[in-house]
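What follows is calculated from the coordinates using simple rules that are stated; it is not laboratory data. Everything quoted here is computed from the prediction, not taken from an experiment. Using ideal geometry, Cβ is built from the backbone for each residue, glycine included, and neighbour counts are taken over all protein chains shown.
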Amino acid sequence: MNILGISADFHDASASLVMNGQLICSAAEERFTRIKHDARFPEQAVEFCLAQVGLNAGDLDRIVFYEQPWMKLTRVLTDVMSRFPRSINQFGRAGRSWLTQKLWIHNRISRAYDIHPDAVRFVPHHESHAAQAFYPSGFEQSAILTVDGVGEWTCTGIARGSRKEGITVLETEEYPNSVGLAYAAFTAFLGFKPNDGECSTMALAAFGKPIYADNVRRVLTPLSGGRYQLDPGFFNFFGDADRLFTPAFIRLFGEPRRPGDPLPFSSTSAPEHVSADQQRFADIAASIQLIFEEVLLGLARRAQALTGLDKLCLAGGTAMNAVAITRLLRECPFDQVFVPPDPGDGGAATGAALLACDEIPATSPPPTPYLGRQYPEQSVVEAIQTLSVESHHRLPGARAWSGRLTHKEYGDENALVEVVAEDISRGSLIGWVQGRFEQGPRALGNRSILADPSDAVAASRLSRAVKQRAPFRPYALSLAVEEAQRLIPGVDLREAARTGRWMQSIHAVNEGCVSAVRQALHVDLTTRPQICSPADNRIFHKLLHAFGARRGTAALLNTSFNESGSPIVSSPADALITFLHTDIDVLVLGMTVIRKAA
Amino acid sequence: MDAESRRRRPRGAGIAIALRSLSRVVSAMFRERVGWLLPLFIGLAVVALLISIISAAGPLAPFIYPLL
Amino acid sequence: MQPRSLASTLGRFSEVEADSAWQFARAADFLQLPKHRAAMLATALEETHHAFLFRRIASRGGARHGSSGLARKTLVACAADIPTFLAYSHISEGLVHGEFTAIAAASGAPEVAEVLAEISQDESGHEDGASQMLHEIVPRATLARALRKARWRRRWDDWMYVTHFIGKLNATLWLSLIYLLLGGFAAPLCRQRLRRKRGAQQPQQISVKAGEAQPLPYLGAKDPTA
């Protein structure tokens, strides 16, 4: 049975294909359209899914949409009308978008793929999340916690998952009682883009102290028994992205930060001067992070009390908060915690498809994040021989070069990784493209920019002339599994412990190893690692060891292969253009190494 | 009719699907106890109908607006 | 020109340039000769850089990236689309030069004018490049038709842009009317609904057991796939 799952129309449109209960492929539309968080109908992602296994649309048995739009519309109308008469603009915008597009998704899908309307199904949003977390986990039974902004009406869900009995929803919290939206509002207050910049809030928190925790508890109150209560008087969830909070919020926390205003913090050095306002923003970030962790911890304990199970699956956009996940791992009574590679709406298409299966196999292969498309690199490689690049078409700060490229193809993986490891150890920035791209926002060695994690000059160049990244946001670290206990003592290396493998949790680095990996650490000397075994990613594991043989530590600074504001690269052409536009020194496409000629 | 044809979209299904979508919204309103939104939703449905009529006119649309 | 309006316009230009980069990168896959692919990729790079320049100025003026809502519409789905695409690019790049000159003059900001001047020069190069490739790829007999088709396509796109804009205005008018007529009545009930807490729920099973073929409940006729 071939089932296609689709998420679209709100943010992070994606498509996933499940065949006979097995997840075959999945991709976010943004990877193909190059529009970050592209929410439009994922035509190209669907096209990829079908092509990946040689199917036509007529071979699909079901198409499943990840939520129930008619339910969502009732919530949207209720919310907008509750703010009458100030919400006239929002009503117009919402009205146009729903009446021209969102309400007719059933017809759009049926028509686009010439499929009978009864073969198109709709599953509740949080149930998509629950399935996206539970079924790939490999657990026989587990508690499931889904926490996001909002689906139709549900913002938080607790469920029990069982291979034999399926998923049973136990409890939900309804809009506007939303932790995810509260965090997004704080993100907007701190001058970052909501539904995108939450990682910046999380990173900034490390520079502050939670002295505003009581103020945050005033707006988002953890209650006994693992519940919580949001005070909606402080929030305007239907407002524009930069006004998700009310004047009452501003009276409580002070004036918001203007987007683009500088923050002097750096993950690798102490700031020279911090103004009172800048420190206030860091302290507010620390405060919301603390309260969010308290709420999540409370919910997890409640899930454990309700289910009596010792495993937890977590999904919803808030599951990307690695600091909170780490605290959960440390303080919750769960033996294992699973978070899918894309726990947000981008991965909900997977959950929708799995949920619509009549049968899920009792055993499945271990979960993998490498579910995207693999490209042949030949067309790009042939073109670069005649390609000449004008100097002024590069990012400011990118170093001068002749404008021409050289390339060499290696027949042997071992030879390739030796060459690349040598380049990295000499301070080069490497754009690394291999195999199928990853599901979700994290680069796990198939679409990565790599650098020596001890090299401050390389890291600085990476921030300035490649990623245009704020210095307070740390990079992540990829390390070979053989190094894990030495670098990160006490890390859980069990097969099912994925959070450490997929950059989903934070770990303190062994003091004696700090200098070897300093550029991939945060200000508190913690890191968000990818722990790579040969079974996870063979060639990347080889590269880590090749570098380790040169510099003593099989670990690399790993950041996603993209410029600020763009999705992670997908095709060789995307990779080439990003390579040419930035200060990346070497591009590796499969077995071909491309360099900027002097 | 074989399995293949049964799987395909019937001709003229668009209106039936659209009506089904509208009826789902109405059911959802009563299930979520926001039935008082019904008059508003009826107004929106009328607007949706007008928009779809005009969209069908394509490039002639601006000439139809004055009639409405 | 008002700063916010200028920022919004530049933000839209950024998205248009990014779209153009995407179209050229995609089109490169359908060309046979490496030198043509290289030319497409070089153009895609330049458009990427233009998008970056516009985005940088626009964000200083407060515009958020992605706010104009430009959707991707694939112009090149197969090799046969290349001539039309090249012709369309040739014509569009020429037209955009005029638009940029007007904005540069109206902006009143020297930095903006400088960036627009640099980009205009590149666009002029793209116009010539597209024309040259068109002459190399397309037989003379069909060249005039490709250009004519592209011109009409451009006029159609411009008219449909106007149509959509007017449609948006009209829809907003009708929606505002409904809002004002019916909103007052619904508002207090909606506020009350949002304040209401959901009562204790009964556990609800949402998926089938493994191994039993029970379809999920759905509206509509008998499942034709059963």
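Numbers below:
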| item | result |
| --- | --- |
| Efficiency of FRET between residue C:77 and residue A:214 - r from beta-carbon atoms, R0 51 angstrom, step 0.05 | 0.30 |
| Net charge over other residues, Cβ less than 12 angstrom from the Cβ of residue A:287 (K, R count +1; D, E count -1) | 0 |
| Cα→Cβ-extended label distance, 7 Å offset, between residue B:19 and residue C:169, nm | 3.6 nm |
| Centroid-to-centroid separation of region A:208-278 and region A:330-403 [C-alpha atoms, Å] | 32 Å |
| Which of C:143, C:10, A:329 has the fewest Cβ neighbours within 10 Å, and the rest in rising order | C:143, A:329, C:10 |
| Mean separation of Cα contacts under 8 Å, 6 or more apart, over the residue count of chain A: relative contact order % | 16 percent |
| Counted charge near residue A:423, where neighbours are those whose Cβ lies closer than 9 Å (Asp, Glu -1; Lys, Arg +1) | 0 |
| Ranking of C:88, A:135 by count of other Cβ atoms within 10 Å, fewest first | C:88, A:135 |
| Three principal axis lengths of region A:179-337 [C-alpha, angstrom, descending] | 48, 38, 25 |
| Cα-projected label distance for residue A:97 with residue C:117, points at 7 Å along beta-carbon direction, nm | 4.0 nm |
| Whole-number percent relative contact order across region A:91-176, with pairs defined as alpha carbons under 8 Å at least 6 apart | 19 percent |
| Ordering of A:350-356, C:104-110 by packing [mean C-beta count within 10 Å, highest first] | A:350-356, C:104-110 |
| Length added when fully stretched, residue A:140-residue A:310, from 0.36 nm per residue minus Cα-Cα | 60.1 nm |
| 222 nm mean residue ellipticity, helices alone, for chain A (DSSP H n ≥ 4; -39,500 (n - 2.57); rounded to 500) | -10000 deg cm²/dmol |
| Shape category assigned to chain A from the gyration tensor of Cα positions, a/c cut at 1.5 | rounded |
| Region A:179-337, relative contact order [Cα under 8 Å, separation at least 6], % | 31 percent |
| Residue order, fewest to most beta carbons within 10 Å, for C:49, C:164 | C:164, C:49 |
| Separation of the residue A:277 and residue A:47 label points, Cα + 7 Å toward Cβ, nm | 4.7 nm |
| Whole-Hz ³J(HN,Hα) from phi, Karplus 6.51 cos²θ - 1.76 cosθ + 1.60, for region B:37-48, glycine and proline x | 7, 4, x, 4, 5, 4, x, 5, 5, 5, 4, 4 |
| About the Cα centre, charge dipole magnitude for chain A (Lys/Arg +1, Asp/Glu -1 at Cβ), debye | 1040 debye |
| For chain A, share of DSSP beta bridges that run antiparallel, in % to the nearest 5 | 70 percent |
